[in-house]
Amino acid sequence: MLELAGIIILGIIAQWVAWRLKLPAILPLILIGLLVGPIATLFTEDGGKLIEPIWNGEKGLFPGEGLYYFVSLAISIILFEGGLTLKRSEIANVGPVITKLITVGSLVTFFGGGLAAHYIFELSWQISFLFSGLIIVTGPTVITPILRNIPLKKDVSAVLKWEGILIDPIGALVAVLVFEFISVGAGQAYTMTALIEFGKILLFGTTFGFTFAHALAFAIKKNFIPHYLLNVVSLSVVLLVFVESDLFAHESGLLAVVVMGMVMGNMNLPNLKELLYFKESLSVLLISILFILLAANINISDMELIYNWQTVLLFATIVFLVRPLGVFLSTNGSSLKLKEKLFIGWVGPRGIVAAGIASLFGSKLILKGEPGAEYITPLVFMIVLGTVLLNATTARFFAKLVGVFLMESEGILIIGASKVSRLIGNYLKQNNRHVVLIDNNPTNVEKAKMLGLEAMTANIYSDTLADNIELNDMGYLMALTGNSEINEYAINKFKRQFGENGAFRLVNTDEMNDPENNPKEGLFSHTDDFIKLTEAARHYPAIHEMGLKDESHYRGLIEITKADNDIVPIFIKTPDGNLQIISSFSDEFINFEEGSRLVYMGKMFDLEEINTTRAVPK
């Protein structure tokens, strides 16, 4: 009981430490596992581990093959969650670079890693290609923490993020298929019988996954499952699919749950996000337990097995030759610059799925007596730990070294995707600004996307927005919702992360009627609240520009906008194309440049009225 409780406590502490230090959680988890496992044998009185995963005499958590069963079930849940994140629409829209990375790049890693393992360690072709199949996987859980605090050009961070998401289940699937082929070929090396068994695994794995995905989706849509049981029923169905598929075709369970997750992830299911959040939380707990157990299960003899120059050579080949080669072949002919290709080639940490499946497959093949199987787990753990440690400590420095580190963030994040926000966002996009709209209303988000704008459904009260690496280049924050409390909350919560160059919000009704208490972060003018903007956008849904003669001319125009509810000043556009947000805190136009233009929304100015308007004195 003490060991089990200790694993859970240590696992959650490791997750917290990783969050606090902004590191991938796998790093402290594996280090803790090694510390309480093989390293502990060097200083304990009886030479035993502090945590012994496999039952041995009076110590141990799992008797017999218990650890193997636990790892199998845990990996099935993790892979199901990975499958849920794989969307067809994402594959279609991420662009040719990412598509090539998960195809051409995966093939380069598969064959390059296999050749390296075979010739450096003299492993059999089967074991070598199982190793290379396992290290295809990078994974978002290790990429995201590394990139979260590195301001990068959007294209670079998007490539790395989506590669990690898409390649996770794909890499796992490749490793599963290679393992199945080795398993069915044992003793009858690649005979017709082995091919038939391999075909059965593909057939039952895909059939069970596809069928149960539709069955569970049907039950959810027809409300056959009460809301409070939805998550636990889904979990039990995943485990059922894994076990049943494995009974019909041995070792087909992992394939079945990956297929099930991929099918369900591409359905229009109610509560899918809630299901994903539950599986994500469960995966965090399982990963915390799993990797301490797996690292603790490694023996000193396993570590001594790879304590040689061949290991260093294999690591260097994978990191400095195979990964860059795959990236350069995949990005050939793309718009990415050389420095961006170099950075993508440098950042390729292997993830949780690789280490977990390696431990599972390694133990299985050792029991089967497969020659060289004892190398699988320590070699993959070495690649995982080495790449995570290397990238976590050098990614920021390397980004600065090659010149992809953004010294100043110029992107604009707009809270709210109403018609007003969409008009402003579209204007900003036309003026070559990276702008992203967020809203918790999916309808508004879809309308923004139909205009070609970047938009996402998000809740500002959750932490998911702060963790989104695609927003790393945001330097301006504009809160444009109709709820003043949400606007103020957004400014207070995100102004440091997304508003380093300025964080602004609409004034509320009370502030509009009391100019003396006009906030410094107020947008546009103290007479323009959400209602006025909405009415102006409804009557005159357009944004215009007007040339400015001097500061006096500007102030005269501002006075007109205060009296006309259908005209709202937004920006000052300088001759070089820069946009200055007009603040409600002051009506003064500072640093006037000849050739500047006033950008405004709504009705076009009446030229006759402008000519007769008396400029407000300074």
Subject >> Index of the failed condition, Trp16 passing every other in (1) under 29 Å from Leu147 (Cβ atoms); (2) out of contact with any helix residue (DSSP H, G or I) (no Cβ under 8 Å at 6 or more places or on another chain); (3) surrounded by 16 or more Cβ atoms within 10 Å (Cβ to Cβ) >> reply: (3)
Original post:
Is at least one residue of the stretch 485-505 at pLDDT below 85, under 15 Å from Glu408 (Cα atoms) and in contact with a Pro (Cβ under 8 Å, 6 or more places away or on another chain)?
Top reply: no
**OP:** State the number of residues belonging to the stretch 336-356 that are within 19 Å of Val97 (Cα to Cα) and either touching a residue at least 40 places away in the same chain (Cβ under 8 Å) or under 19 Å from the mean Cα position of the chain (by Cα) (or both).
**Re:** 11
Original post:
Only one of (1) over 24 Å from the mean Cα position of the chain (by Cα); (2) crowded, with 24+ Cβ neighbours inside 10 Å; (3) closer than 19 Å to Gly66 by Cα fails for Leu379. Which number is that?
Top reply: (3)
Subject >> Hits in the stretch 204-238 (condition: within 16 Å of Phe278 (Cα to Cα) and open to solvent by 50 Å² or more (accessible area, probe 1.4 Å)) >> reply: Pro226, His227, Tyr228, Leu229, Val232, Ser236
Original post:
Can you name the residue in the stretch 357-366 that is in contact (Cβ under 8 Å) with a residue 40 or more places away in the chain and open to solvent by 10 Å² or more (accessible area, probe 1.4 Å) and is also nearest to Ile98 (Cα to Cα) among such residues?
Top reply: Ser359
**OP:** Would you mind listing the helices (runs of 4 or more DSSP H) fully within the stretch 351-457 where at least 1 residues are at pLDDT 85 or above, touching a Leu at 6+ places or on another chain (Cβ under 6 Å) and within 30 Å of Ile531 (Cα to Cα)?
**Re:** 419-430, 442-450
**OP:** Return yes when Val156 is open to solvent by less than 10 Å² (accessible area, probe 1.4 Å) and over 23 Å from Val178 (Cβ atoms) and no when it is not.
**Re:** yes
Subject >> Residue among Ile201, Ile182, Ile196 that alone is at pLDDT 70 or above and either open to solvent by 30 Å² or more (accessible area, probe 1.4 Å) or more than 30 Å from Trp125 (Cα to Cα) (or both) >> reply: Ile196
Original post:
Are any residues in the stretch 130-170 at pLDDT 70 or above, under 18 Å from Val380 (Cα atoms) and either among the hydroxyl-bearing types (Ser, Thr, Tyr) or part of a helix (DSSP H, G or I) (or both), and if so, which ones?
Top reply: Leu130, Phe131, Ser132, Gly133, Leu134, Thr138, Val142, Ile143, Gly164, Ile167
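Matching residues to (1) of a type in the set (Val, Ile, Thr); (2) without any contact (Cβ under 8 Å) to a residue 24 or more places away in the chain; (3) under 25 Å from Phe70 (Cα atoms):
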residue: Phe212; (1), (2), (3): no, no, yes
residue: Ile220; (1), (2), (3): yes, no, no
residue: Phe224; (1), (2), (3): no, yes, no
residue: Leu239; (1), (2), (3): no, no, yes
residue: Ser245; (1), (2), (3): no, no, yes
residue: Gly253; (1), (2), (3): no, no, yes
residue: Gly261; (1), (2), (3): no, no, yes
residue: Asn266; (1), (2), (3): no, no, no
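The values are calculated or read from the model by the stated rules, or taken from the named source; none is laboratory data. The model shown is predicted, which means the values in this text are computed figures rather than measured ones. Because the Cβ atoms are built from the backbone with ideal geometry, glycine has one as well, and the counts that use them run over all protein chains shown. Ligands, DNA and RNA are stripped out before the accessible areas are found, and what is left, the full protein with its side chains, is counted by its heavy atoms. Shrake-Rupley method; radii C 1.70, N 1.55, O 1.52, S 1.80 Å.
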